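Undergrad: Below is a structure I'd like to ask you about.
The values are calculated or read from the model by the stated rules, or taken from the named source; none is laboratory data. Note that this is a predicted model, so its numbers are computed, not measured. Here the Cβ positions follow ideal geometry from the backbone for every residue, glycine too, while neighbour counts run over all protein chains shown.
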Amino acid sequence: MDAPAPNAPAPTPAAHGPESLGEQLRAVIEALPPDTVRLQVLVDTFGDEGLLLLTALLTLVFLIPVSIPGVSTVFGAAILLVGLSRLTNRPLWLPQRLREKSLPVARLRPALQSSLVWMHRMERISRPHRLARLVDAGPPRLINDLAFLFAALLLMAPFGLVPFSNTLPALALLLYAVGFIQRDGGAVLLGHAANIGTVVYFSVLLGSGGLAVRELLQRIGM
């Protein structure tokens, strides 16, 4: 089990210095304890002001072909609650069961380190204050927060064994997180596009599955 203080990652890097998003996340990844880490430890590390950075960290593991059973449900639920905290403008709340969920660092750290390349790509694509009206308060923020919540629900969808079923919604969430942090409406638009792509992909999967079931039933004479 985790020791509460010695095994916790270092204090929130987001609060110190002008480091890039990738450098801040790398510092947290390198400070992970050696055995397991509780989700509450990650939340405490980032604090309320770093919830979008936490979202970016949680999405990274889905951007490479590595499967850690149950992670999409746990991380998706945490990201969903981050979205709800933004939508309601209240501090993040996590249920006890989710707070105490332990994740294997031996599998988590290498996956996160390998997928940091995606964060560096996002940094090259993103431009602070580009199309900033698209991330302003009011209707734009409401639409964006609802889209963020929808992407978190898509990440939790039970298609974990299907290629790219976690990657597409995770990419949308990463784009949203980067866009919100840097007030980059262009990144947010790309997040919307990834969300739409996920819906199309899932629709094709469900449609193909329905056709396959119908064909099977016809073959067995039902």
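Undergrad: What residue, among those in segment 157-167 that are closer than 18 Å to ALA77 by Cβ and in contact with a Phe, Trp or Tyr (Cβ under 9 Å, 6 or more places away or on another chain), is surrounded by the most Cβ atoms within 10 Å (Cβ to Cβ)?
TA: Ranking the candidates gives ASN166 first.
Undergrad: Those residues that are part of a loop (DSSP other than H, G, I, E, B), closer than 26 Å to GLN182 by Cα and free of Cβ contacts under 8 Å to residues at least 40 places away in the same chain, I need them from segment 92-125; list them, please.
TA: TRP93
Undergrad: Taking segment 171-218 only, how many residues are at pLDDT below 85, surrounded by 13 or more Cβ atoms within 10 Å (Cβ to Cβ) and among the polar types (S, T, N, Q)?
TA: Qualifying residue count for the region: 0.
Undergrad: In segment 29-56, how many residues are small (Gly, Ala, Ser) and within 19 Å of TRP118 (Cβ to Cβ)?
TA: Count: 2.
Undergrad: OK, next. Out of segment 126-174, which residues are of a type in the set (A, V, I, L, M, F, W, C), more than 11 Å from the chain's Cα centre (by Cα) and part of a loop (DSSP other than H, G, I, E, B)?
TA: Correct list: LEU131, ALA137, ALA157, PHE159, LEU161, VAL162, PHE164.
Undergrad: Same structure again: Taking the condition of being closer than 19 Å to PHE148 by Cβ and either surrounded by 23 or more Cβ atoms within 10 Å (Cβ to Cβ) or over 17 Å from the mean Cα position of the chain (by Cα) (or both), how many residues in segment 26-50 meet it?
TA: Result for segment 26-50: 1.
Undergrad: Can you find, within segment 110-148, the residue that is farthest from HIS192 (Cα to Cα) among those that are at pLDDT 85 or above and surrounded by 18 or more Cβ atoms within 10 Å (Cβ to Cβ)?
TA: Step by step, filter segment 110-148, then rank; the result is SER126.
Undergrad: Please name all residue pairs, on different chains or six or more residues apart, with Cβ atoms under 6 Å, provided the first residue is in segment 175-192 and is among the basic types (Lys, Arg) and the second residue is part of a helix (DSSP H, G or I).
TA: What qualifies is ARG183/ALA132; ARG183/VAL135.
Each row is one residue, and each column tells you yes or no for (1) assigned to a loop (DSSP other than H, G, I, E, B); (2) modelled with pLDDT under 85; (3) under 16 Å from LEU108 (Cβ atoms).
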{"position": "ILE64", "(1), (2), (3)": "yes, yes, yes"}
{"position": "THR73", "(1), (2), (3)": "no, yes, yes"}
{"position": "ALA77", "(1), (2), (3)": "no, no, no"}
{"position": "LEU80", "(1), (2), (3)": "no, no, no"}
{"position": "LEU84", "(1), (2), (3)": "no, no, no"}
